Each structure stands twice: as C-alpha cells, then as structure tokens.
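Inspection log for the structure reproduced underneath, given as structure tokens.
Nothing in this text is a laboratory measurement; each read-out follows from the coordinates by a stated rule. What you see is a predicted model; the values in this text were computed from it and never measured. Positions of Cβ are generated from backbone atoms using ideal geometry, with glycine treated the same way; all protein chains shown enter the neighbour counts.
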Amino acid sequence: MVKAIVGACWGDEGKGKITDVLAEDSDIVVRFQGGSNAGHTIINEYGKFALHQLPSGVFRQNITNIIGNGVALSVENFLKEVQSVVERGVPTPKLLVSDRCQVVMPYHKELDGMEEARLAAKSFGSTKSGIAPFYSDKYAKIGFQVSDLFDDKDSIMERIDHVLGLKNVLYTELYHQKPLDREEIYEKLMEYKEALAPYVADTTTLLHNAVKEGKTVLLEGQLGSLKDPDLGIFPMTTSSHTLAGFGCVGAAAPPTAIEDVICVTKAYSSSVGSNTEPFVSELLGAEGDELRRRGGDKGEFGATTGRPRRVGWFDAVATKYGCMVQGATQVALTCLDVLGYLDEIKVCTGYDIGGKITTDFPVPALLDQAKPVYETLPGWKCDIRGITEYGKLPQAARDYVDFIEKHIEAPITIVSTGPKRHEICYRK
Ligand code: GDP
C-alpha cells in the first residue's frame with residue numbers, strides 16, 4: 001500500500017518528523033518532487049538533521065530510499081548529504097536514484113540567482129537552488145535525464161548544443177554574462193554520470209513490483225498545498241507539484257495504490273515565503289516575534305535558508321483547502337506544545353472578502369483582499385511537550401484540536417508534542 005505524507009499549507013509543517021516516525025513500518029520512502037531547496041528537520045538517536053534531498057527514511061537500515069523521477073536532483077548536494085549523514089554515524093543508507101530523474105545543472109543555479117537579482121524587490125524569494133529554471137527546462141524538453149548521461153558522446157554533444165543555443169542568448173543578452181562552454185558542460189555531465197552510477201536504477205519497475213508484492217511505500221512531499229503551481233497561491237508557488245496526486249507521477253506509483261494521504265499541519269501558521277506573499281492570519285510585532293522565537297524546534301527559521309519565517313494564528317480556511325486538495329485521509333497536527341504560553345489562542349475561521357465572509361479559500365487574485373475572521377479559544381497555560389498519551393493533554397488543548405478538526409473537515413489522528421521522534425500522541 002502507498003501512503004503519501006504531504007503539507008497542508010506553506011511547507012515547514014513538520015513532514016520530516018512525521019515521515020521519520022511513520023518510516024518505521026515502511027519498506028520504501030520516495031521523494032517525488034522538489035529539490036535541495038527543501039529542509040526536513042529530523043531529530044533522532046543520531047542527532048539533529050536538516051535533510052534537503054535525501055528521503056527521510058535514510059536513518060533506518062531496513063528501508064530503501066528513492067529519489068523519484070519528479071525530483072530536481074542536485075548531484076553535488078546529494079553526494080554531500082550522503083557523506084554528511086554517514087560521517088555523523090548513520091549506517092550507509094540504501095539509496096536509489098531513478099534513471100528518469102533529471103539533474104540540476106550549474107547554469108540552473110546561476111540563472112536562478114541572476115533572475116532574482118534582475119527582479120530585485122519583486123523577486124519571489126527563491127532559495128537560488130536552480131529549481132525554477134530546472135523545471136522550466138524539463139517542460140521545455142531541454143533537461144538532462146540521468147539515463148541520458150549514459151548515452152554516447154555525439155548524442156550528448158548534440159543535446160548540449162541545442163540547450164546552449166537557447167541558454168547563451170539569455171546569458172549574453174539578458175544577463176550580460178560570458179556564454180556557457182559546451183566542453184565544460186559535457187565534463188560536468190560525465191562527472192555526474194560517474195558519481196551517480198552506483199545509485200541509478202529503474203525505480204519505476206521497482207516501485208510497481210513493490211506495490212504488487214504488498215510492500216508499504218511512503219511518498220514524501222516537499223512544501224505544501226499552497227505552494228502548488230496549479231492549486232496554490234500562484235505565482236508565489238514552487239515549480240513542482242506539491243500534491244499527493246502528483247506523487248504517482250513523481251515517484252512512478254499507480255494512482256489507485258495511494259490509500260492513505262497524511263496531511264501535516266502546524267497548530268499555528270508559518271511561512272518562509274517573501275513578505276510580498278499574502279498571509280491572511282499573520283501575526284506581526286511583538287506577538288509575532290514571540291511566536292517565532294518559541295516555534296518549531298529552536299524558533300521558526302528556515303531549515304535551508306535560515307530566514308526568519310513569518311508566523312500567524314492557525315488558518316482554518318487555508319488548511320481546510322490544503323487538506324481538500326491533498327485528498328487528506330488523516331491529519332497530523334504538529335507543534336501543539338508551542339502554544340502552551342498563550343492565555344488565549346485565536347483561530348482564523350473565515351475570510352472577509354469585500355464584506356462577504358467565506359470559509360472557502362479564494363483564488364490568488366482575491367487573496368490580497370482577504371481579512372481574517374477570528375474565533376478565540378482559551379489557552380492551556382502549561383507545558384505539554386513530550387506527552388505521548390492523547391488523554392493526558394489538558395482539556396483546553398484537546399478542545400483546541402477538536403475545534404480545528406471541525407473547521408478543517410478532516411480527521412486529526414496524530415498530534416505531535418515536540419520535535420523529537422517519541423514526542424507524539426495518536427488520537428484515534
Ligand atoms: P518540514 O519541512 O515540513 O519537515 O518542516 P521543517 O523541518 O522545516 O520545520 C518543522 C520544524 O518544527 C522543525 O524545526 C522541527 O524540528 C519542528 N517540529 C516538528 N514537530 C514539532 C513539534 O511537535 N513540536 C515542536 N516544538 N517542534 C516540532
């Protein structure tokens with residue numbers, strides 16, 4: 001059976017922790033989209049890790065970890081990350097890279113940086129890992145698949161020339177840089193070929209066979225629903241699909257095999273996006289600073305960028321929508337422990353758009369006009385960190401979970417009470 005673990009909102013919901021926990025009963029964990037711009041924080045017996053590209057099953061020896069065809073593979077970061085987990089005492093993980101995965105080229109990163117600089121104040125807050133140029137090339141059919149690296153030199157050179165015909169116009173005319181050199185690109189591709197050779201596999205057939213054999217497969221998403229280019233807050237989105245539905249494509253799994261979609265959401269809102277992005281329930285000033293300081297493991301700062309995350313009250317409108325488009329069968333609510341300091345907790349239960357109250361998440365063009373409608377609940381005013389039995393949570397905390405569940409219209413089955421693996425309660 002296939003399960004997907006995906007984010008309900010803007011990302012950073014704690015998917016890494018939940019995947020690490022659920023990986024225990026799994027055979028295979030697959031990353032199906034995104035690239036090394038992700039940052040999944042995991043704290044376990046080996047220490048604290050921010051995994052950027054590796055699937056969160058790498059800490060368990062019984063698991064096969066797959067970089068699926070939907071991922072933007074940065075070979076340099078992949079190798080660095082494998083080395084860094086092994087250096088920190090994790091036994092060498094079982095890792096495979098799909099032969100249909102495409103590689104992020106050095107020029108993708110350069111183009112990402114040059115475009116952000118060109119946009120200046122209007123930039124999208126890219127992590128400059130080359131993700132947008134990478135996916136643009138994939139859909140423009142000028143990307144390099146891992147399997148292409150094993151082609152003969154003439155064919156590869158022909159493809160390089162085709163790519164450079166386009167890229168060098170951008171390099172010289174738009175960004176006023178030196179043109180790219182075809183030999184250097186070829187050398188780079190050969191470097192990637194050699195480095196990836198031990199990992200490359202036909203993961204498409206492997207995964208379909210695994211499903212037939214009844215193995216448990218976890219599809220691990222990056223970011224969340226609102227960052228999906230189609231159903232999110234375009235253009236403040238990422239460049240790959242963040243939805244469980246895309247998991248079947250990005251991991252190469254049969255769509256009918258996904259039986260469980262675990263949507264992860266924080267007990268408050270956080271977003272690492274740029275300040276120009278709409279964020280209806282944002283908390284600013286001292287209140288926001290305090291929540292940011294207390295949030296997550298050591299404050300709400302991006303695992304990849306270190307950027308302070310914007311924070312706010314729980315947004316039930318956005319989360320209901322996020323769970324709906326993911327097709328959530330269950331919800332994992334993380335960071336409930338963070339709210340223990342508050343006398344009262346607000347929840348955004350509706351949006352006021354031009355005087356009309358709605359609980360349905362609007363299209364991006366209307367989102368800027370949305371004003372939050374809040375309901376206020378009492379806080380529980382105590383430390384619940386590490387509680388592992390749902391019944392032992394204070395009544396006010398359980399009421400808060402019930403309230404959220406009613407508004408997001410999806411069953412909350414897991415409540416996380418701390419960043420560590422064991423700090424978790426199962427509700428139903
Ligand atoms: P991901 O990208 O969805 O995996 O999320 P991140 O790792 O970027 O952000 C989640 C942050 O919250 C990390 O710092 C986690 O260690 C932390 N975290 C996860 N679950 C909990 C929890 O239940 N309580 C607290 N306090 N922190 C948590």
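Cut-off 13 Å, label point 7 angstrom out along Cα-to-Cβ of residue 249: give me the residues of the range 214-239 whose amide nitrogen falls inside. Residues 228-231, 239 fall inside that zone. Taking packing as the residue-averaged number of other Cβ atoms within 10 angstrom, the listed peptides 19-29, 390-400 run from highest to lowest as 19-29, 390-400. The listed peptides 35-42, 99-106, ordered by packing as a protection proxy, come out as 35-42, 99-106 (highest mean of other Cβ atoms within 10 Å first).
Give the dimensionless ratio obtained when the Cα radius of gyration of the chain is divided by 2.2 N^0.38 Å.
Details: Rg = 21.7 Å, N = 428, 2.2 N^0.38 = 22.0 Å.
For the chain, the normalised Cα radius of gyration is 0.99.
With a Förster radius of 35 Å applied to the C-beta separation of residue 368 and residue 205, the computed FRET efficiency comes to 0.15. I'd like the antiparallel share, as a percent to the nearest 5, of DSSP beta bridges with both residues in the chain. Rounded to the nearest five, the antiparallel share is 40 percent. Largest GNM mean-square fluctuation among 389, 81, 115, using the chain with Cα springs under 10 Å: 389. Averaging the Cα positions of each part gives two centres, and for the range 27-81 and the range 161-175 these lie 32 Å apart. Taking 20 Å as the cut-off for C-alpha to C-alpha distance, list the pairs among 17/381; 320/406; 3/420; 15/227 that go past it. Result: 17/381; 3/420 exceed 20 Å. Looking at the chain as a GNM with Cα springs under 10 Å, which of 376, 349, 413 has the largest mean-square fluctuation? Maximum fluctuation in the GNM of the chain, among the listed residues, is at 376.
Computed over the range 246-340, the P(r) tail beyond 20 angstrom holds 45 percent of alpha carbon pairs. The sum of -39500 (n - 2.57) across all DSSP H runs of n ≥ 4, divided by the residue count of the chain, sets its helix-only mean residue ellipticity at 222 nm to -9500 deg cm²/dmol. The relative contact order of the range 1-106, computed from alpha carbon pairs under 8 Å that lie at least 6 residues apart in sequence, is 25 percent. Among 94, 188, 17, the largest mean-square fluctuation in a Gaussian network model of the chain (Cα springs under 10 Å) belongs to 188. The Cα center of the range 102-148 and the Cα center of the range 203-279 differ in position by 20 Å.
Loop-located trypsin sites (Lys or Arg not before Pro) across the range 42-89 with a Cβ neighbour count of 15 or fewer within 10 Å are 88, with loop assigned by DSSP. Dipole of the range 301-426 computed with +1 at Lys/Arg Cβ and -1 at Asp/Glu Cβ about the Cα centre; of 425, 388, 301, farthest Cα towards the positive end is 301. A protection proxy built from the mean count of other Cβ atoms within 10 Å ranks the segments 254-262, 415-423, most packed first, as 415-423, 254-262.
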